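Beneath this line is the structure, given in structure tokens, with notes to follow.
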Amino acid sequence: MMIRRSLSIRYLYTSLRLASPSSKCIQFEDRHFYTSHAASSAYSQISSDDENADIDWDTIGFGLTPTDYMYVMKCSKDDNFTDGQLNRFGNIELSPSAGVLNYGQGIFEGMKAIRREDGRLVMFRPEQNALRMKVGAERMCMPSPSVDQFIDAAKQIALANRRWIPPPGKGSLYIRPLLLGTGPILGLGPAPEYTFLIYASPVGNYFKDGTAALNLYVDTEYDRASRGGTGSIKTISNYGPGLKPLMRAKSRGFSDVLYLDSVNGKYIEEVSSCNIFVVKENTILTPPVNGTILPGVTRKSIIEIARDLGYRVEERPIIIDELLRADEVFGTGTAVVVCPIGSITYLGERVKFKTDDDSVCKKLLTTYMGIQNGVIEDKKGWILKIN
């Protein structure tokens with residue numbers, strides 16, 4: 001794939017100042033945080049060319065395509081994050097004794113910027129990602145950027161890399177915020193310095209089969225998370241252990257792995273790449289966020305949309321046998337959006353589920369994407385316009 005890197009800079013305004021308008025209370029799961037009503041309008045004006053990057057948008061998948069800029073902000077463990085800046089995308093330098101390398105002290109987020117038909121660039125509920133990072137940082141003994149700083153930095157990245165945002169309907173700019181313990185440390189303990197970094201990459205569909213229904217494998221050998229652990233936050237240490245069961249499942253022709261609880265081995269929890277929902281007639285079920293399951297932003301939004309559309313939604317434990325008797329199953333996540341699950345294989349038995357155009361999954365996806373794309377009115381204030 002040939003990519004023409006046009007590196008001209010239209011605007012350069014390197015100082016970063018955060019405004020302090022009136023605050024409001026926003027909620028993330030069962031916690032409340034106070035934050036400004038909106039991020040500062042005085043963010044950096046570094047911007048890529050308006051012309052789109054020279055990419056075949058029809059064939060782009062979910063892989064890394066380096067863009068022009070990344071965002072970097074640092075602080076020590078006893079201080080708060082202050083001014084950050086946009087740097088050219090490139091490698092970063094770390095001490096071999098950095099906390100993130102030795103003890104896995106790091107968390108990340110995933111979000112998207114999309115281009116609408118009218119040319120507007122928007123993000124979906126970025127404050128929820130900011131709040132989830134704050135919760136994760138607290139669990140990992142790390143300082144975290146404020147909600148305003150997080151959103152402001154994400155806006156800067158989207159605008160600075162705007163030429164990499166695909167045309168409407170062709171994909172999105174995947175934005176990856178990282179919070180890393182980059183200071184050197186030998187004994188087990190919090191790192192002395194931290195780096196908040198955001199990079200971005202244009203992406204298409206997460207799975208290589210595009211929008212085709214997923215075929216899941218229920219893993220009874222490995223667990224994703226345990227009680228009292230870190231399954232409910234996006235720490236980097238949650239994902240490496242899942243590579244072996246995922247690669248094993250894919251080698252057998254499956255799309256992904258569905259995990260069961262680590263105590264009883266009979267309650268469904270989540271898929272490697274997404275939260276899971278079960279449909280039985282007019283009722284939609286999903287496992288509760290109880291400390292071992294990631295509180296997905298898409299999950300939370302789909303629950304609200306489903307209730308608005310008249311479905312009964314229950315967040316409760318679901319035994320694997322109940323799942324196998326469902327009419328329909330689907331997954332939700334920033335990367336996968338809302339994806340149908342065509343079959344689930346458990347103990348050698350493969351059970352198929354409804355995936356046609358009249359499915360509940362399809363109706364929820366249509367509404368979700370309609371809100372993002374501006375076709376359906378955003379009555380909940382979920383959309384952040386960034387240009």
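The values are calculated or read from the model by the stated rules, or taken from the named source; none is laboratory data. Values in this document were obtained by computation on a predicted structure and should not be read as measured data. Every residue, glycine as well, gets a Cβ built from its backbone with ideal geometry; the counts of neighbours run over all protein chains shown. Keep in mind that these areas ignore ligands, DNA and RNA; they rest on the heavy atoms of the full protein, side chains included. Shrake-Rupley method; radii C 1.70, N 1.55, O 1.52, S 1.80 Å.
Let me test this: with uniform point scatterers at the alpha carbons of segment 51-124, what is the Debye-based log₁₀ I(q)/I(0) at q = 0.18, 0.23 1/Å?
Here the Debye-derived log intensity ratios amount to -1.12, -1.44.
Take Asp256, Asp83 and sort them by solvent-accessible surface of the protein heavy atoms, 1.4 Å probe, largest at the top.
The ranking, largest first, comes out as Asp83, Asp256.
Among Ser343, Ser144, Ser237, what's the order by accessible area (1.4 angstrom probe), most exposed first?
In descending accessible area the options line up as Ser237, Ser144, Ser343.
Mind ranking 211-219, 243-251 by how tightly packed they are, going by the mean number of other C-beta atoms within 10 angstrom, highest first?
Descending packing order for the listed peptides: 211-219, 243-251.
Which one, Val297, Leu258, Leu285, projects farthest toward the positive side of the charge dipole computed for segment 247-305 from Cβ point charges (K/R +1, D/E -1)?
Of Val297, Leu258, Leu285, it is Leu258.
Report, largest value first, the span of the C-alpha coordinates of segment 191-330 along each principal axis, in whole Å.
Taking the Cα atoms of segment 191-330, the three principal extents are 52, 35, 35 Å.
Give me the dipole magnitude in Debye, nearest 20, for segment 123-247 about the Cα centre, with unit charges on the beta carbon: positive for Lys and Arg, negative for Asp and Glu.
Working: 14 positive and 9 negative charges, 67 e Å.
Dipole magnitude for segment 123-247 comes out near 320 debye.
Longer than 25 Å from Cα to Cα, which of Lys74/Lys134; Lys77/Lys385; Lys112/Lys363; Lys280/Lys362; Lys155/Lys379 are they? Say none if no pair is.
Over 25 Å Cα-Cα: Lys77/Lys385.
Could you tell me what percent of the DSSP beta bridges with both partners in the chain are antiparallel, to the nearest 5?
85
Under 5 Å between amide hydrogens, which residues at least 5 positions from Phe89 or on another chain qualify, with H placed 1.01 Å from N in the peptide plane?
So Phe89 has HN proximity to Tyr69, Met70.
How much of the pair distance distribution for segment 304-353 lies past 15 Å, counting alpha-carbon pairs only, in percent?
Working: 720 of 1225 pairs.
Here the tail beyond 15 Å accounts for 59 percent of pairs.
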